[in-house]
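Nothing in this text is a laboratory measurement; each read-out follows from the coordinates by a stated rule. Quantities reported herein were computed from a predicted structural model and do not represent experimental measurements. We place every Cβ from the backbone using ideal geometry, glycine too, and count neighbours over all the protein chains shown.
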Amino acid sequence: MCMSKVLIVEDDESWGRMIALALRSGGHDSVLPSDGEMALELMQTNEVNLVITDLAMPVLNGLRLIRAIRASGDTIPIIAVSGKNADQLVLAEDYGANAAISKPFDCDELLTLVERIVDDNRNDWASAWIHPEFGSVEDR
């Protein structure tokens, strides 16, 4: 079981709590901002391993959040979720989301996806320690 801290950006409180409970069952901790602007602020002060963001939100929507994260150079894994428009999920991946899933979704499937992405990201960092092409992590 891989413990990680996940930023769940969701304006619908019931969806946010449901996702947080599913992640907690897998040993993951979470922080739940209700819009993209709050998420960006929290990312400045909290170390997180993954972002799960709804796309339809007030203030700063999920697509704009994904673009802002990637424009800053941050490579944190991102999962986009939406129940509104499948085309927006494709656009989210074009903007830099690592995965996109449509609401409603099965919590076990989400947990499996989260664990795969977090493990893949950890493996990328582990290879940076031993791969001479990447140099040491301290050099980053």
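Any idea which of Ser72, Val9, Leu50 is furthest toward the positive side of the dipole for the range 5-139, if Lys and Arg beta-carbons carry +1 and Asp and Glu beta-carbons -1?
So the residue we want is Val9.
Near the amide H of Ile101, under 5 Å away, which other amide H atoms are found, from residues 5 or more places off or on another chain, if H is placed in the peptide plane?
Ala80, Val81, Ser82
Take every DSSP beta bridge whose two residues both sit in the range 3-90, then give the antiparallel share in percent to the nearest 5.
0 percent
Once phi is turned into θ = phi - 60°, what whole-Hz ³J(HN,Hα) does the Karplus curve with 6.51, -1.76 and 1.60 give for every residue of the range 50-61, x standing for Gly and Pro?
Once rounded to whole Hz, the list reads 7, 10, 10, 10, 5, 9, 9, 9, x, 6, 9, 6.
Starting from the alpha-carbon convex hull of the chain, give the projected area averaged over all orientations, in nm².
8.4 nm²
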